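Before any comments, here is the structure.
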Amino acid sequence: MKILVTGGAGFIGSAVVRLAVGRGISVVNVDALTYAACLENVAPVAKSPLYAFEQADIRDRDALDRIFAAHRPDRVMHLAAESHVDRSIDGPGDFIATNITGTYNMLEAARGYWQGQGRPGDFRFHHISTDEVFGSLPGDPSVRFHEDTPYDPRSPYSASKAASDHLVRAWHETYGLPVVLTNCSNNYGPYHFPEKLIPVIILNALAGKPLPIYGDGSNIRDWLFVEDHAEALLLVLEKGATGRSYNIGGENERSNLELVRTLCAILDERRPKAEGSYGDQITFVADRPGHDARYAIAPDRIRDELGWRPSVTVEEGLARTVDWYLANEDWWRPLLARRGVGERLGVGA
């Protein structure tokens, strides 16, 4: 089997690429190498004969047609997207162009290729999306996102992903393109680009900088270790029912403040400060505009139909993540110089 993976030099995409190649699956990694991409993410498999790389933008339809014709993939995993909510607040245009128009281009390129191959029955277009399309949940822990939860996106990022989900379903219903969809909760783990909460906290702590927490830190997220997510994605690609969507969650809800305090405790143990705790650096800052209060996934369908459950608790995953960042300064240090990294974004200016 050969899989075409878009965004394979990004955080989640590279985890999929590493896992797939490690399992003996041929992978074509299509990535535009924009600011958050890093080819070092796939360095562990880059020399494998099962791996190929194409630098291309999903907004470029001609490039996509060429890549499909040249590599003749059996399946597609579409992960390429602009993904940082704060950046979407400051510059929504890139999110519309990549997440909506780019997904349209991918669907049309895949449809043309699939039809040209005689509509093979085992072809799949797997669209990877987010739980943010469902909006914000109340604090009641019994209420979680299900696959039939109505869409209610609140940010330019989540609105662009909601639109892309609708396009994928429309291409299935209208043209018969065999698709599967997944919506995941917040990912974390090794190779996480240092503009997201967990790597920001780790790297700011080590640098002696303030640890910024939006608002009062009460916003709750369901945390999913990225390697667990990659396992689930390949399972859905292989066994998911055509036209069906699957929610993938970590079953690890924590408030932002709880999460940061856990990270500080791990750092206190792994690399103690000369005086005091890393928790002393916690600083509360103005909240993000439209900050959703809570996300929580109900992963019943993927558990009941496909037998998947997350294997990593948030405490275990955070410890593994901290250890990885402590051991891989050569990876994250150059990324701190990239555009916007380390700056407060998304203030609505």
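No lab work stands behind these numbers, since they all come straight from the coordinates. Note that the coordinates shown come from a computational prediction; the quantities given were computed from them, not determined experimentally. Using ideal geometry, Cβ is built from the backbone for each residue, glycine included, and neighbour counts are taken over all protein chains shown.
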Any lysines whose Cα falls less than 23 Å from that of residue 273, other than same-chain ones fewer than 8 residues away, would be 209
Let me see the pair-distance distribution of segment 1-57: every alpha carbon pair, 10 Å bin width, integer percents in order. 29, 61, 10, 0
Fewest to most Cβ atoms within 10 Å: 157, 214 sort as 214, 157
Enter the Cα centre distance for the pair segment 201-257 and segment 86-151, rounded to the nearest angstrom. 17 Å
Among 246, 51, 175, which comes first, then next, by fewest other beta-carbon atoms within 10 Å? 175, 51, 246
Listed with the fewest Cβ neighbours within 10 Å leading, 57, 292 appear as 57, 292
List the relative contact order of segment 38-146 as a percent without decimals, with contacts defined as Cα pairs under 8 Å and 6+ residues apart. 31 percent
Mean projected area (nm²) from the convex hull of Cα positions in segment 1-147 is 10.4 nm²
When only C-alpha pairs under 8 Å and at least 6 residues apart count, what is the relative contact order of segment 87-160, in percent? 43 percent
Over segment 242-349: Kirkwood hydrodynamic radius from C-alpha pairwise inverse distances, Å: 17.4 Å
With a sphere of radius 12 Å drawn around the Cβ of residue 303, what net charge do the other residues whose Cβ falls strictly inside it have (Lys, Arg +1; Asp, Glu -1)? -2
Net +/- balance of residues flanking residue 104 in space, Cβ distance below 11 Å, scoring K and R +1, D and E -1: +2
Hey, what number do you get for the chain at 222 nm if only DSSP H runs of n ≥ 4 count, each worth -39500 (n - 2.57), divided across all residues, to the nearest 500? -11500 deg cm²/dmol
Taking the Cβ of residue 66 as the centre, find all other residues whose Cβ is under 13 Å away and add up their charges (Lys, Arg: +1; Asp, Glu: -1). -3
Straight distance only, please: which lysines reach the Cα of residue 161 with their own Cα at less than 28 Å, same-chain residues fewer than 8 apart left out? 2, 196, 239
Mean separation of Cα pairs under 8 Å and 6+ residues apart, divided by the residue count of the chain: what relative contact order is that in percent? 19 percent
Which of (1) -0.71, -1.20; (2) -0.46, -1.17; (3) -0.41, -1.10 is the computed log10 I(q)/I(0) by the Debye sum over Cα atoms at q = 0.09, 0.14 Å⁻¹ for the structure on display? (2)
